[in-house]
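Shown next, in structure tokens, is the structure this report addresses.
The values are calculated or read from the model by the stated rules, or taken from the named source; none is laboratory data. Just so we're clear, the structure is a prediction, and the values are computed from it rather than from any experiment. Neighbour counts are summed over all protein chains in view; Cβ atoms, including those assigned to glycine, are modelled from backbone coordinates with ideal geometry.
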Amino acid sequence: MARVSFEFKKGDLIWVSLVVVLLCVGFGVAQWDNTKAMFHDASDVKITIDGEGDMSLQNASDLGLIGGGGWNLIYSDDFESIPSGWDSNTLYDCDGHSILGRKTGTACFVRTFSDLPSHVEVAVKVDYFVIDSWDNRKAYIEFDNKQIWSTNYGMGGLLSCGSGTWSDRIEPNIWTSWYHTGSTLTLEICAALNNNINDESFGIDNIEVYVL
């Protein structure tokens, strides 16, 4: 059997010791964060997987790269027909898309889900329609009155609906998730607008709700 030996100078030993300490600290931090992962928004927890690069915890789970997947679909609606369970059941045609809406002002589309199966996290995926003259207005999503996602949008896009004065757009496949264990969930998909419905409005489509 071949013998392998290493010879270190005094300065080399100092560097090797420093590397070992940094590795130990890094491992400890990684272990700590792993135990806390379920308490983060899964979109904020970033991991690195060989061959896949950096991605969010939720995407890694969706792709089956960790935990064998695990998200269970509990609700979906493409709003091609009148829905039930929402605070509003008005449908609107936005350039060929049948969407739930429209609404304006500070308003939300609200639905409560009951008798959820055992879980530690809830996620929603939705297409969000930005209609007419949005000028850096806020869109946001809440679970049980807790805001778990928000962004600001301006006007402009490839669709034509609403007043017809401004172009409109779809923000597809918005995904957000949050730690949740209760048997009920109140979902609110909202906007903070300040003009009438012919100037600023919004709607939603292709919604899916998951538990993990």
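Some observations on this one:
- The test for being crowded, with 20+ Cβ neighbours inside 10 Å, in contact with a helix residue (DSSP H, G or I) (Cβ under 9 Å, 6 or more places away or on another chain) and within 25 Å of residue 210 (Cβ to Cβ) does not hold for residue 139.
- Region 71-119 holds strands (runs of 3 or more DSSP E) entirely within its bounds, and those carrying 2 or more residues that are out of contact with any Asp or Glu (no Cβ under 6 Å at 6 or more places or on another chain), buried (at least 16 other Cβ atoms within 10 Å of the Cβ) and charged (D, E, K, R) map to 97-103.
- Criterion: among the polar types (S, T, N, Q) and closer than 16 Å to residue 211 by Cα - qualifying residue of 114, 133, 88: 114
- Check on residue 168, more than 15 Å from the chain's Cα centre (by Cα), surrounded by fewer than 17 Cβ atoms within 10 Å (Cβ to Cβ) and of a type in the set (D, E, K, R): no
- If you check 203, 162 for being in the same structural domain as residue 107 (by TED's automatic domain parsing), in contact with a His (Cβ under 9 Å, 6 or more places away or on another chain) and not aliphatic (A, V, I, L, M), only one passes: 203.
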